[in-house]
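Single-structure report; data block below.
Just so it is clear, none of the values below were taken in a lab; they were calculated from the coordinates. All values derive from a computational prediction rather than experimental measurement. Ideal geometry is used to build each Cβ from the backbone, glycine not excepted, and the neighbour counts take in all protein chains shown.
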Amino acid sequence: MRETDIQETVTAVYRSESRRILATLIRLLGDFDRAEEAMQDAFAAAVTQWPREGVPANPRAWLVSAGRFKAIDRLRRHTRQEALLKELAERPGGEEEDAVASEAVEDDQLRLIFTCCHPALAADARIALTLREVCGLTTEEVARAFIVKPTTIAQRIVRAKRKIRDARIPYEVPERTDLPGRLDAVLRVIYLVFNEGYSPSSGDTVTRSDLSGEAIRLCRLLHALLPDPEVLGLLALMLLQESRRAARATAEGDLIRLEEQDRSLWNREQIEEGSALVLQALRSRRFGPYCIQAAIAAVHAGAPTAKATDWDEIVGLYDVLLRMEASPVVALNRAVAVAMRDGPAAGLTEVDTLLNRGDLKHYYLAYAARADFCARLGQREEARAGFRKALALTEQGPERRYLERRLAEL
Amino acid sequence: MKYLCLVYAQEDQLHSLPESPQDAECMAYSQQLTESGQLFAGQALEPVATATTVRVRNGEVAITDGPFAETKEQLAGFYLIEARDLNDAIRVASQIPPARVGSIEVRPVRELKP
């Protein structure tokens, strides 16, 4: 094989296998940084050795084994940690056969996901670590996506790795009894990544599609490794939301509400996949909040217009969701659905009850919804006050422009 | 690996809520951990009103009334445990009875280097 072909092969193997190789090396070497260094060494060795010796039959196993060897070699040269060396050399599962076994490799990837999303790590560190280690984004890419300085992301990652090491956060898939809670923490990280791509918490664009795509990819991986109805539910929810991406903003980046979106722009393929996944998750009878939210999104996706939507079904699904998690934001969404079903006066009563309870005092959408109901009821003064209050509570460019537009219309 | 589980609670609520632990329950849990070889030491503490803070500055001992830091929750007791890793330590901590009314801070022990 010519050298350029070998280069291409190495690059292709890096792209498809590096995350799995890293996950296995972390287990074998017991340390994130040591594993990353070992993986770089292994790929460097491949570039020089494969042209001479040919591409091995199983490149991944070759790279894992080379990485492990390089790490032990490096330790031998630079340290006198005899005990550690002995442990690494004798660590069970170090054999090549084990590294090849696909089940062990899949477990390593799951271990990596659960470790990066461990609830003992700071929330922002979990996201940064997951994107960096599981998804393979560079620190610069993560920083760009979240509009923070690369040094900030690097610091978060360093601190998280230090805590993993010093507090000894284990590299393992949680035990069955801990699994539901811990899986929930993983799903939350994935959904936060998706939302940051779908509706950034700051900045001037409505969507940042790279992050949403990454979240969907990550969820697909998780589902392949750990089939669970809620993983399915989250995947469906993200696909159904993602299907509306092309319709949810104007060319100028202004927000378009669900009711006013051009539904012919919705991505049919994503809707079909998402809706099928919702059914599959519901049939399991072990569904949770993500699945119900996906079911709501599927009802929207199946409706030809906002008016022709089965609002009764949507209100019913919100009732189920509220019973699972009594969140004021869910209650607000239910109120909006009630307004669509029974008219703005009914919606206004619901929102006022929520606002009087005080839970949504700082949530701009509560005031925006109230203002919208007032506008429809012809209460122009009340509507204006509501939109102004909402404006004071949000910093997102597209949301602000939308609220200003509504205010100007009154 | 050793972890210190620090039990924090609001003193006025520690013994007065319906789910507040009784001494007997705490003793039983210590007993259980001792039998499984996971407990090195564990004690409940008298209220912070009994605390004295000692500092040495320029060779002088300075003594003040009360705890070092004023916080909403006070240190009410501790468990020094042996655990395989943080997940194991969290499992032990989550069953410490006052976790129901207060909180448990789980801290890895730093072994001093000779």
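Brief remarks follow.
- Most mobile of A:ALA383, A:ALA143, A:ALA303 in a GNM of chain A (Cα contacts under 10 Å): A:ALA303
- Debye-sum result for the protein assembly as shown in log10 I(q)/I(0), which assumes one identical scatterer on each alpha carbon, at q = 0.11, 0.12 Å⁻¹: -1.16, -1.26
- Take the Cα of A:ARG384, step 7 Å toward its Cβ, do the same at B:LYS2, and the gap between the two points is 7.0 nm.
- When chain A is treated as a GNM with alpha-carbon contacts under 10 Å, the residue of A:GLN49, A:GLN270, A:GLN261 showing the greatest mean-square fluctuation is A:GLN49.
- Binned Cα-Cα distances of the stretch A:1-58, short to long, each 5 Å bin given as a whole percent: 4, 19, 28, 22, 15, 9, 3, 0
- Cα coordinate range in the stretch A:336-408, projected on the principal axes (Å, largest first): 32, 26, 20
- Those lysines that a straight Cα-Cα span of less than 30 Å connects to A:LYS70, excepting residues fewer than 8 apart in one chain: A:LYS86, A:LYS161, A:LYS163, B:LYS113
- P(r) tail fraction, the stretch A:285-335 - alpha-carbon pairs more than 13 Å apart, %: 56
- Relative contact order %, chain A, counting alpha carbon pairs below 8 Å whose residues are six or more apart: 9
- Cα-based helix-to-principal-axis angle, A:150-166 vs chain A, degrees rounded to 10: 60
- Most fluctuating residue given options A:ARG323, A:ARG263, A:ARG27, as computed from a GNM of chain A linking Cα atoms under 10 Å: A:ARG323
- When A:LEU232, A:LEU410, A:LEU365 are sorted by how many other C-beta atoms sit within 10 angstrom of their C-beta, beginning with the fewest, the order is A:LEU410, A:LEU365, A:LEU232.
- Sorted ascending by nearby beta carbons within 10 Å, beginning with the fewest, A:SER199, A:SER243, A:SER284 become A:SER284, A:SER199, A:SER243.
- If you model the stretch A:286-410 as an ellipsoid using its alpha carbon gyration tensor, with each semi-axis the square root of five times an eigenvalue, the axes come out at 25, 16, 14 Å, biggest first.
- In sequence order, calculated HN-Hα J values of the stretch A:62-67 (Karplus, 6.51, -1.76, 1.60; Hz; x Gly/Pro): 4, 5, 4, 5, 5, x
- Förster-model FRET efficiency, 45 Å R0, A:ARG144 and A:ALA83, C-beta, rounded to 0.05: 0.60
- For the stretch B:2-108, the equivalent ellipsoid derived from the alpha-carbon gyration tensor has semi-axes of 26, 19, 12 Å in decreasing order.
- Where only alpha carbons of the stretch A:3-100 are counted, the Rg and the Dmax (Å): 13.3, 42
- Percentage relative contact order, the stretch A:3-100, counting C-alpha pairs under 8 Å, at least six apart: 31
- Translational diffusion coefficient (Stokes-Einstein; Kirkwood radius from C-alpha pairs) of the stretch A:184-316 at 37 °C, 0.692 mPa s, in µm²/s: 218
- Shown for A:LYS161, A:LYS389: other C-beta atoms within 10 Å of each C-beta, ranked fewest to most, produce the order A:LYS389, A:LYS161.
- Separation between Cα centres of the stretch A:373-396 and the stretch A:14-92, rounded to whole Å: 60
- Mean separation of Cα contacts under 8 Å (6+ apart) over length of the stretch B:2-108, as relative contact order %: 51
- Cα-Cα separations in the stretch B:1-58 greater than 16 Å, expressed as whole percent: 60
- Relative to the longest principal axis of the Cα atoms of chain A, helix A:268-283 runs at roughly 90 degrees.
- With respect to chain A, whose longest principal axis is taken over its alpha-carbon atoms, helix A:397-409 is tilted by about 10°.
- Inter-part distance where the stretch A:143-176 and the stretch B:21-72 are each reduced to a Cα centre, Å: 32
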